[in-house]
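Below you'll find the structure, written out as structure tokens, and then a few comments.
The numbers here are math on the coordinates, done by the rules we state, and not lab data. If you're wondering where the values come from, they're calculated on a predicted model, not measured in any experiment. Every residue, glycine as well, gets a Cβ built from its backbone with ideal geometry; the counts of neighbours run over all protein chains shown.
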Amino acid sequence: MLNQVVSRDEWLKARLGLLQEEKELTRRSDELAQWRQKMPWVRIDNEYRFETDKGTVSLVDLFKGRSQLLVYHFMFGPDYSAGCPSCSSIADGFNGIAVHLQNHDVMFSAVSRAPLAKLKAYQERMGWTFPWASSYGGDFNADFNVWFSEEQQRGGGIDYNYRREAAWQPREDEGSVAVPSRKTPDGAASGAAMSGTDTATYARERPGLSAFAIEDGVVYHTYSAYSRGLDGLWGMYQWLDRAPRGRNETGMWWRRHDEYKLG
């Protein structure tokens, strides 16, 4: 045991000190939320097309009558045999929130490059019901910096999370190239193996969140976040941050929810 054992009164004193810092963090989080809402908008003129349960639709159609749209860029490339395990862990929370967002003028959809049939089969396996569209063959993922070509990857042409990455250098320890929103030493290699593809192909897909608004039939891009900017969406980490031993991780310990062997 590394923690000091104290009386209840001493514990309460320590807890009240932490509470002041938590309150400050909450206030700061509120300020940042307001800052996001004041960000300038960018008009979207590209006629993006997606495959959905309702057939081929436009970006406007993804709003389904709401004035706002949140898109989770789910790492599931055409060459994957299964969705990214990290994105899958995050997506376990989508069913519960999607209906509430839709009732508050916000449509939600995941978007991936894999063909729709592959997405639907995986969605059925996972027991998910949230909207999920395929951008297969289109420019949507590339335009929002969540997919990159092999030429970009090997030539140092990847701009992800608002930073330029160095050229891909294959090496024995490829797992140190961490692309999920939590860095772990074995992240990319383990994620690739669990997704049925090689590390380089796996790493050309990236996770992200993009927000859009529509006014008078015109769509605007308002916000995007990547990498650790997605931590707040990853429900299990919010719980672990309040557990006695915290995140307590040295490697990629999580699995898809149907792959755990729990007693």
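So the values come out like this:
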read-out	value
GNM result for the chain, Cα springs below 10 Å: residue of Ala166, Ala110, Ala98 fluctuating most strongly	Ala166
Listed residues Trp41, Leu16, Leu2: farthest to the positive end of the dipole of segment 1-48 (Cβ charges)	Leu16
Debye, to nearest 20: dipole size of the chain, +1 on Lys, Arg Cβ, -1 on Asp, Glu Cβ	620 debye
Positive-end extreme of charge dipole, the chain - chosen from Tyr226, Ser29, Gly77 (charges on Cβ)	Ser29
Exposure proxy order (Cβ contacts within 10 Å, fewest to most) of His104, His257	His104, His257
Length added when fully stretched, Asp198-Gln20, from 0.36 nm per residue minus Cα-Cα	59.4 nm
Percentage relative contact order, the chain, counting C-alpha pairs under 8 Å, at least six apart	22 percent
Candidates Thr222, Thr250, Thr197, ranked by Gaussian network fluctuation over the chain, Cα under 10 Å, top entry	Thr250
Choice from Glu21, Glu165, Glu151 showing the highest fluctuation, given a GNM over the chain with Cα pairs closer than 10 Å	Glu21
Cβ-based charge dipole, segment 188-253, positive-most Cα from Ala200, Gln238, Thr250	Thr250
Proximal charge balance of Leu101 [Cβ under 13 Å; K/R count +1, D/E count -1]	+1
Efficiency of FRET from Cβ geometry, Val5 and Glu31, R₀ 25 Å, rounded to 0.05	0.10
The chain: calculated mean residue ellipticity at 222 nm from DSSP helix runs of at least 4, using -39500 (n - 2.57)	-10000 deg cm²/dmol
Surrounding net charge for Ser67, when Lys and Arg each add one and Asp and Glu each subtract one, Cβ distance under 10 Å	-1
Relative contact order, percent, segment 1-149 [alpha-carbon distance under 8 Å, six or more residues apart]	22 percent
